[in-house]
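Worksheet: one structure, shown below.
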Amino acid sequence: MIRQQIRLLVAVVLASIAGCLGAADQWETLQAIHLIENPRNSSEPGAHGELGAYQFRQTTWRMHTGKPFRSALIRAHADAVAVAHYDWLCRQLRRNGISPTTYNIAMAWNAGIGAVSSGRVPLASRQYAQRVVNIARELERATIAASIPQRAPMERIVLTP
């Protein structure tokens, strides 16, 4: 029984990892989007009424939660909706035969899944996606560097005859 549960757990984990293969880790991608969309965590609405860390539009917010749109200003709620939207974008990209790379996810986040599926993505959205990729890579490098244990300098070894 326990072996079956472990196998099921491993299968679920592997499926979720394979779900967005080719994309930077979800965290790095979403953090990069946040750093571009709302780096100062402003509570002021954007030009089109967007709110929160990821500058959600109300229609996108309503796709993933029943919470009031004003809740987008609460980081924990915004993070939950961001993860749901990220996963939804991955599924939609795959459904349309498009690899869910960080670049494609960021383009769809900015221009919409329809623009990416049709290949009609504005230049500004392509530039946005490249910025997300660049920031996500830097975040990934920083995460890897931080995980490497620090070692004390090695002592010089002197061999005497």
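Each value in this text was obtained by applying a stated rule to the coordinates, not by laboratory testing. Here the structure is a predicted model, which is why all the values come from computation and not from measurement. Cβ sites come from the backbone with ideal geometry, for glycine too, and all protein chains shown count toward neighbours.
Tell me the net charge near residue 135. Cut-off is 14 Å between Cβ atoms, residue 135 excluded, with +1 for each Lys or Arg and -1 for each Asp or Glu.
-2
Could you compute Rg(Cα) / (2.2 N^0.38 Å) for segment 22-142, with N its residue count?
Working it through for segment 22-142, the quotient is 0.99.
With 10 angstrom as the radius, rank 159, 139, 30 by how many other C-beta atoms surround their C-beta, starting from the fewest.
The fewest-first ordering by Cβ neighbours comes to 159, 139, 30.
Show me 57-64, 80-87, 37-44 ranked by packing, highest mean number of other Cβ atoms within 10 Å first.
Descending packing order for the listed peptides: 80-87, 57-64, 37-44.
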